[in-house]
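Take a look at the structure below.
Derivation of every value follows stated rules applied to the coordinates shown; laboratory data play no part. Just so it is clear, the structure is predicted and the values come from calculations on it, not from any experiment. Neighbour counts run over all protein chains shown; Cβ positions are idealised from the backbone, glycine included.
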């Protein structure tokens, strides 16, 4: 084992971890002067994240060509692109976090440390070469999320959301773990490389049966994180109850990480696997798109609506694991980039509009927003149009690529269902737009007064909007980026 | 002899779990779970994994369950007043439980002969701390490091969530 | 000018940006000036580009300008590039020309509306999207414009959001269009799949390449046919053909200039444009062509029958638009691409004229739209009456006016290409067209019989800013026919101009009949048009025949037509309600638990059990969620065991 | 006489299923959580049984236990918070959000 290569590949994670520990140690000293802490720590976090991003690109430049198969983590290019995306999401969140947390009176320096630790877990997920690493990464991510959800201790709904997610998440972890046990039993190893080699040689029917059972349970564990039907039941309640900024994080980063892990496991290291596992995953994709979209139609609460919409989007994403050629990971990366940026943007604006305590999140509260805050209304419309998949937004590019390459792989039925679904989805995505532009300001009860946009929020939302437009109008840059990054693997 | 021991401990284990399921008081539930875990530790010994047995006792039965008991004592909740929709839930739970067990059992039993003669067995021996330590710090180094972060995070989280005044 | 033609769409975009950002702070005059000025600049640029285009030799009549590379990945490339060829030139001229007139008209029509700047911002955005659509050099960019016009149409239909009908009409339009768009998108994927590019010229080149990789697919559904059909479904959605026409009549809830510009002259013709632009593809798929022709003619007749009995002045015109679009599709479907485009152009003039005239009437009557509440307007609104009469004669196909030439060419091509049944249906449709437009004019402007209350007294003539565009459009409606004279009268300039841009060369359609047959056919169709007008006169002017008695004679037929064949109700029952039902009942239960309880109790035990299971899905109880989780995992395991 | 490995696996499957039964049956948050712990234990038993004399099984069990302990810490802290706010541990009391 070449330790230096490992540490080199892990440089961004080492930075983030060390930074997180430093923040944990630092916070008690800043306790006396809350003001100083609330200024220092967000800045420090941002610095650490940017440093990790720089480190990531440095690592990427002189990465050894061969993936380090004997380790339980691979800093290969596949994980590089996803780690970049994860760092980006964390940076956007940490930009916007301080004003939001202060408004909700839950500002803690530890929040930033948690963010960095969760990044560690997600990075481990995206580059994992061993089922045990995947499990631990998933748990770091989950436990961090449980804490984030429970952070607003006085809010009954947030409490309830945290508990629901905690209990269901633990159950899904148990399924995941049992799946690993099955795979371990069938192959005698948890390492992807070993599994791969064994699967190539093995023709034992019984072992395959056991293996398939394990893989199915592992899929269940990851599908829970992605909120795929029928493992989605937590999503709407948790999105509704949790503080909206945390939902913004929550609806994007874990999905990116879980999708990366799913891709790695089912598409990447198991080229043969998805044929047998594919059928039920296909049904799950169809169910997620259809039910997610149908359920979203009748929601009055915008957060719940976006929760169901993200279920539908997870259904679209699953198509990527069936894609059987080089474009699979590029396609997925582009889709996740667009998805996370538009979701982040929409939720950040919502968290700004919802007022203290996240109370104003129904469609009614958006009425006449275009009169009061034309800029915010226009940006929210942009994100919603992107979620719909209107051309010249990132959402269109992403869907076009995903569906196009899925069709090239012969997934005709799935693509037709997906395209029809995304046609239907316009119905509910446009309802907030209608309310903002076409409904008069409500007389009473008057919605919360929207404060001037804090600079952090402005930067965060601006980043998301820029990414969406960039991806929509000039996607070549990102496509080349993703292709270049993923090329080294082939 | 081994077989009889297996039967005894698995019987204790299942009985404890059933007791947990139909017990009203949460304290007794926790205690039955402790019994279940202890018998599992004995089963680990039968499987020649003394290290696993030891940490099962120390971490699970010792630390985690004591934490549970401690919280039960701290909160002193009302006893479980039965489920709100008892019949339907009992029915649903039974059907679901039986079919889940049946499905897993079918998978396992279909691959039984493979499990008995499947992959080559290395020289059977006791799995003690040495073997575990070697594997832990070589192959499983990265998960181990991540677990370190995980525990730090959990500590932090417990304080953030439950401490009265922060 | 040939270097600068690509700037045409950007004037309206600039207008949109100015109006959208600072429109509310500008004085009204500045708003009007910005809105109309930007379109006028586009129009002038388009005129110059046209001249530049004409100066080129026939084979080299196209301009193309790549602004930047939009998407490039692997071997796929789509540029953000605009181009002009004779076909898109015609469209650009119509769009900017009619658009300019309607902008000017709107400054009068929308005067005093609180949303004045917003209205013009949307209108300018629409023109940008529409020009992008027709000037796009590849299908993907065309799709950008395609979605863009849909969005603007949605915004503009719902412009008077105080009216709930307007808001729901906007939604309906958007949703129905999205169904078409989904098919269009699938068609794009198929195109890319087969050709590896989405460039118009690339695809045409591949289709014409020797040896033939893509043979003509006869009598079978090959991939080309499937692609063409999917594109056609997209066109059906946008151009309001059967079965996706239902949104267009409802779209009349929007302001009348919007109806004129978007739902008569420009956007709804995008479907025709798409098929004509893809003529190289469609000619390889005769089955798809037949479908286009049959769907078009069916729509033409079907919509005309509904138009016979409508009471709302704008709805009559809306069904008439659907019907005329059907004629264009029928023409395109039998390979008469030029005929379709010709009718598109003349229709843009006279239908815009009719709509704007109707708007003038509504304006003069302070919002009254019911034909049976009008009457005697000839005296109060003489100029409006005059131009409306011209429009009516044009659409009815009275010889000498534009509509006569274009419709006659379509009917002739139907006949000469051997589609006798379609030709007969077309003649019947023409008679109905003449009837309902004459009926509209007579009811609105003609005198009332004794004892009937007419609202005409309070009417007033519209201001000059509204009348002048009407007059210009009336002149165009008269004269536009002369660009495409039939062979026995002169030269078809339009055909000469367009042919280089089209896949088929006109010889096939030409030689089929002699001049004398063609003259006879023209005489027949104009006779039929006069017949229709005469019937309307008998009913509504001389009152020799009583329409109510006729309705009483055939009550079922009348109700069928009055209720528009109950298609809306059918769609509502079959598509909309089930979706809403699932969404509300299954996923959003606490909203009305009593309803669902009653429903569940009433529908028997099996359904109740299923309903209960579904209710558990989002009951809020974490135990139920856990049950779902376990059940889901179990299902997956069982699936693996069974399969 | 050695015990066939399938017996251990059967026991583990049974424990796993019983854990899921308990989740649906019990209303007390703490007991529900205990059921999750039971499911994790069932997985652990499977690991040890499958490892058949290799170190991997014990290592995995060790790591799983550490993870479970961390999870227990956070979970119990959440329970404490819930109880403080609502003075109840009945899961049917926590149904503010649904639909």
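Diffusion coefficient of region B:1-78 by Stokes-Einstein, Kirkwood radius over Cα pairs, 20 °C, 1.002 mPa s: 164 µm²/s.
Averaged over peptide B:22-29, the number of partner chain Cβ atoms lying within 10 Å of each residue's Cβ comes to 3.
When each of A:259, C:130, C:432 is scored by the number of other beta-carbon atoms lying within 10 Å, the sequence from fewest to most is C:432, A:259, C:130.
Would you mind classifying region A:343-460 by shape? Square roots of the alpha carbon gyration tensor eigenvalues, ordered a ≥ b ≥ c; an a/c under 1.5 is rounded, otherwise it is prolate if a/b is larger than b/c and oblate if not. Prolate is the answer for region A:343-460, as a/c is 1.5 or above and a/b outweighs b/c.
Here the residues A:367, C:323, D:58, ranked from fewest to most Cβ neighbours within 10 Å of their Cβ, fall in the order A:367, C:323, D:58. Shown for the protein assembly as shown is the translational diffusion coefficient from the Stokes-Einstein equation, using the Kirkwood radius over Cα pairs, a temperature of 37 °C and a viscosity of 0.692 mPa s: 96 µm²/s.
With the alpha-carbon atoms of region C:188-341 aligned to their principal axes, the span from lowest to highest coordinate is 57, 27, 24 Å, starting with the largest. Exposure proxy shown here: for A:427, C:565, the number of other Cβ atoms within 10 Å sets the order, fewest to most, as C:565, A:427. Scattering from region C:5-538 was approximated by placing one identical point on each alpha carbon and applying the Debye formula without solvent; log10 I(q)/I(0) at 0.12, 0.13 1/Å stands at -1.09, -1.29. Considering only the Cα atoms of chain B, their convex hull presents on average a projected area of 14.0 nm².
Does region C:269-315 classify as rounded, prolate or oblate by the C-alpha gyration tensor (a ≥ b ≥ c root eigenvalues; a/c under 1.5 gives rounded; else a/b over b/c gives prolate, otherwise oblate)? It comes out oblate by the Cα gyration axes. Counts of other chain beta carbons within 10 angstrom of each beta carbon in peptide A:466-473 average 1.
Among the residues of C:147-156, the average count of other protein chain beta-carbon atoms within 10 Å of the residue beta-carbon is 3.
Ranked from largest, the principal axis spans of the Cα set of region C:1-90 equal 48, 38, 18 Å. Considering every alpha-carbon pair of region A:283-362, the percent of pairs per 10 Å bin, from zero through the bin containing the longest distance, is 18, 39, 30, 11, 2. Evaluated on region C:290-445, the Kirkwood hydrodynamic radius is 15.4 Å, with distances taken between all distinct Cα atoms. All distinct Cα pairs of chain D go into the 1/r average, and the inverse of that average, the Kirkwood radius, is 15.3 Å. Each peptide in A:233-242, C:169-178 receives the mean, over its residues, of other Cβ atoms within 10 Å, and ordering these scores from highest gives A:233-242, C:169-178. Sorting the segments C:337-347, C:415-425 by their mean number of nearby beta carbons within 10 angstrom, highest to lowest, gives C:337-347, C:415-425. Under 1.5 on a/c is rounded, so check that first for region C:309-393, then, if it is not, pick prolate when a/b is larger than b/c and oblate when it is not; a ≥ b ≥ c are the square roots of the alpha carbon gyration tensor eigenvalues. The shape class here is prolate. Hey, how much of the P(r) for region A:3-487 falls beyond 35 Å, as a percent of Cα pairs? Above the 35 Å cut-off, region A:3-487 has 27 percent of its Cα pairs.
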